[in-house]
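Engineer: I'd like to ask you about the structure that follows.
The values are calculated or read from the model by the stated rules, or taken from the named source; none is laboratory data. Source: prediction; values computed, not measured. FYI the Cβ positions are ideal-geometry reconstructions off the backbone, even for glycines, and counts take in every protein chain you see.
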Amino acid sequence: MSIFQPTQEMLLPIGRAYYRFLPHPYFLDDRQEVFVLEGGEAFVYKIQHMGEKRDYALKVMKSGFRDRYTLQVTQTLAQYMHAPGLFLARRTCLTQEEYPELLRRFPALEYAVLMPWIDGRTWAGLLLDPAASVRYTPSHARQLAAATAHVLWSLEDRAMAHTDIAGGNVILSPDLRQIQLIDIDTMYIKGLKMPKKHSRGSPGYQHPNQDARGQWRADGDRFAGAMLLTEMLTWWNPVVRAETPEGAESLFTQQELQQPDLPRWRRIRRTLEQMNPALRELFDQAWYAQRIEDCPDFSAWSMSLVTSFI
């Protein structure tokens, strides 16, 4: 089995450009250590274009996930690179046909993906930051929720779904007016076959009653998106924050979802009601939905947010 073990001294030629591997922020003096994140299916390296001095991500698939499905996803996503929230659809998949010399030298890079590196705080990161949470205002809540609903509506309108909407997969702009989605490799896109490992969602965002498709379906983001929007809309309230367990990356644990009469659930409903009764109604519809498809669609969320805060 081929193993890819880059160092900071390595220059990686991709096409006509050269990239260097950036140091790990905790081991700046160790020239062997590079910045890498490990996920279930891949390693993600932070690299820099030597000419542009711009940072990129190189996603190197683990052997069990190294196949042409990644290429199919890359080619399909290219059609949507200008869609809201899909900046990471700008990507290149390394194949034998296009990069034969590179892959002869580094076989483990077959079907690796080169994409932009996005710096920024995730929504989960904001939840975990007490100082940032205190600075989070009702105005931020309205703007961020409206921007997020717009992105999710844009996907749903195209019969697409992220399939793992969660606080850790949403990057916030510094002014909290825009978002970008990350971890988009297993999106539901009409015409693509189901991946080997398809999403059932993240804890705190999973609908408790899912069929064999999990959240890999055109309406698969509806419940998770409703929980995310509710978090964004209510986190400004210091009482909501105080009633949420310290260190939580979501408002509710998986076990709490759709359970009646929780104190935090009552507080959240009251907060939404004060902002606009229509928002509380949308939350209730998702909370009590027996199936994902029974949750409100994102056009309803988006329109309610626009009309609520004009």
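Engineer: Quick check, is Lys53 among the basic types (Lys, Arg) and crowded, with 16+ Cβ neighbours inside 10 Å?
Structural biologist: no
Engineer: Does Trp301 count as crowded, with 17+ Cβ neighbours inside 10 Å, over 25 Å from Glu156 (Cβ atoms) and at pLDDT 95 or above? Don't jump to the end; show me each part of the working.
Structural biologist: Details: crowded, with 17+ Cβ neighbours inside 10 Å: yes; over 25 Å from Glu156 (Cβ atoms): no; at pLDDT 95 or above: yes.
No.
Engineer: In the range 144-167, which residues are surrounded by 18 or more Cβ atoms within 10 Å (Cβ to Cβ) and of a type outside the set (A, V, I, L, M)?
Structural biologist: Applying the first criterion (surrounded by 18 or more Cβ atoms within 10 Å (Cβ to Cβ)) to the range 144-167 yields 144-153, 155-156, 160-167.
Matches in the range 144-167: Thr148, His150, Trp153, Glu156, His162, Thr163, Asp164, Gly167.
Engineer: Among the residues in the range 15-23, are any under 19 Å from Gly64 (Cβ atoms), under 27 Å from the mean Cα position of the chain (by Cα) and hydrophobic (A, V, I, L, M, F, W, C)?
Structural biologist: As a first pass, look at the range 15-23 and keep what is under 19 Å from Gly64 (Cβ atoms): none.
No, that holds for no residue.
Engineer: Only helices (runs of 4 or more DSSP H) wholly contained in the range 66-127 count here; list those with 3 or more residues that are touching a strand residue (DSSP E or B) at 6+ places or on another chain (Cβ under 6 Å).
Structural biologist: 69-77
Engineer: Quick one: Ala132 ticks every box in (1) within 19 Å of Lys46 (Cα to Cα); (2) among the small types (Gly, Ala, Ser); (3) surrounded by fewer than 18 Cβ atoms within 10 Å (Cβ to Cβ) except a single one, so which number is it?
Structural biologist: In the conditions (1) within 19 Å of Lys46 (Cα to Cα); (2) among the small types (Gly, Ala, Ser); (3) surrounded by fewer than 18 Cβ atoms within 10 Å (Cβ to Cβ), Ala132 misses (1) alone.
Engineer: Regarding the range 177-192, can at least one residue be identified that is more than 14 Å from the chain's Cα centre (by Cα) and closer than 30 Å to Ala242 by Cα?
Structural biologist: Going residue by residue through the range 177-192, those that are more than 14 Å from the chain's Cα centre (by Cα) are 177, 189-192.
With closer than 30 Å to Ala242 by Cα added as a condition, the list becomes 177.
Taking every residue of the range 177-192 in turn, at least one turns out to be more than 14 Å from the chain's Cα centre (by Cα) and closer than 30 Å to Ala242 by Cα.
Engineer: Report yes if some residue within the range 63-79 is under 24 Å from Pro25 (Cβ atoms) and under 20 Å from the mean Cα position of the chain (by Cα); otherwise report no.
Structural biologist: So far as the range 63-79 goes, no, none of its residues is under 24 Å from Pro25 (Cβ atoms) and under 20 Å from the mean Cα position of the chain (by Cα).
Engineer: Quick test of your reading of the structure: Tyr288 fulfils all but one of (1) exposed (fewer than 15 other Cβ atoms within 10 Å of the Cβ); (2) of a type in the set (Ser, Thr, Tyr); (3) closer than 28 Å to Arg177 by Cα. Name the failing condition by number.
Structural biologist: Only one criterion is unmet by Tyr288, namely (3).
Engineer: Kindly list, by first and then second residue, each pair from a residue in the range 5-28 that is among the hydroxyl-bearing types (Ser, Thr, Tyr) to a residue that is assigned to a loop (DSSP other than H, G, I, E, B), limited to pairs with Cβ atoms under 7 Å and residues at least 6 apart or on different chains.
Structural biologist: Thr7/Arg31; Thr7/Gln32; Tyr18/Met50; Tyr19/Met50
Engineer: What pairs can you find where one residue is in the range 179-201 and under 25 Å from Met232 (Cβ atoms) and in contact (Cβ under 8 Å) with a residue 24 or more places away in the chain, the other is assigned to a loop (DSSP other than H, G, I, E, B) and aromatic (Phe, Trp, Tyr), and their Cβ atoms are less than 9 Å apart, with a gap of 6+ or different chains?
Structural biologist: Correct list of pairs: Thr186/Trp216; Met187/Trp216; Tyr188/Trp216; Ser199/Trp216.
Engineer: Going through Thr163, Thr186, Thr148 one at a time, which residue ends up being at pLDDT below 95 and of a type in the set (Val, Ile, Thr)?
Structural biologist: Exactly one of Thr163, Thr186, Thr148 is at pLDDT below 95 and of a type in the set (Val, Ile, Thr), namely Thr186.
Engineer: Can you work out which of the residues in the range 240-254 that are exposed (fewer than 13 other Cβ atoms within 10 Å of the Cβ) and over 22 Å from the mean Cα position of the chain (by Cα) is nearest to Gln143 (Cα to Cα)?
Structural biologist: Ala242
Engineer: Picking from Ala224, Ala141, which residue would you name as being buried (at least 18 other Cβ atoms within 10 Å of the Cβ), at pLDDT 95 or above, closer than 19 Å to Ala83 by Cβ and not assigned by TED's automatic domain parsing to the domain that holds Phe87?
Structural biologist: Ala224
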